[in-house]
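Data block below; observations after.
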Amino acid sequence: MLTLPRDGTSGPGLLHSRPSPRRRDFDGRSSRQGSALGSPAPEGQTPLPDESSTHAIAIRPTPWYSPQVLIPMEGMMLGNLVAALAVAMSRFFSDMEARRHEIEAYLSLGASPFEAAKPSILAAIRLGLIPTIAQLASSGVVLIPGMMAGQIMTGGDPLEAAEYQFVVLAALSAITMLGDALITLLLYQRCFTELGQYISPRAR
């Protein structure tokens, strides 16, 4: 079973592996004690209402802001988010320029800047989500993600490692979708003047 140091001492790595104690439930099924996704939260632990809630709810270190868990988890999420935002921003500006005449036609017919830019916004969000969706489709079938592979190589339980990785992938998908939507909604305003006229990239 993979556990985190709770006595404040530093260990040789982020997670320590030890044999996973098992018990028998009343119905005869085997279950792991202290499962990362099934054990109650320690007293006094307060998860944050953002992406840091992932490690606070699923991994549950003590304290919840333990740098050994917080820094790697936030690094994985922010690293994937930056890559997705770069793809979405590039697609948004290229699509806006390709649709220049269409956007001007929308504006001349009385459409708002958001209505004219909406197709480009949706296209940018879809393209930004493609790497994350491809990773979700191949995880566990074609490849084993890095976090899960590291826990298995250190002697951890593969099922528990899969639980950790599932939580991380779900959090990555959510933060990528929200980040792409937010950045494109903020960027489209730079493509128009205060009077609602489209600005060419050369004139910006």
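Are any residues in the range 132-142 of a type in the set (A, V, I, L, M) and at pLDDT 75 or above, and if so, which ones? Of everything in the range 132-142, those that are of a type in the set (A, V, I, L, M) and at pLDDT 75 or above turn out to be 133, 134, 136, 137. For the range 104-132, filtered to residues that are among the small types (Gly, Ala, Ser) and under 15 Å from residue 190 (Cα atoms), the residue that is surrounded by the most Cβ atoms within 10 Å (Cβ to Cβ) is 117.
Residues in the range 157-186 that are modelled with pLDDT under 90 and among the aliphatic types (A, V, I, L, M): 159, 161, 162, 167, 168, 169, 170, 171, 172. Comparison of 106, 65 shows that the only residue that is more than 22 Å from residue 146 (Cα to Cα) and at pLDDT 85 or above is 106.
In this structure, is residue 135 surrounded by fewer than 13 Cβ atoms within 10 Å (Cβ to Cβ) and in contact with a Pro (Cβ under 8 Å, 6 or more places away or on another chain)? Taking the combined requirement at face value, the residue does not satisfy it.
The values are calculated or read from the model by the stated rules, or taken from the named source; none is laboratory data. Note that the coordinates shown come from a computational prediction; the quantities given were computed from them, not determined experimentally. Cβ sites come from the backbone with ideal geometry, for glycine too, and all protein chains shown count toward neighbours.
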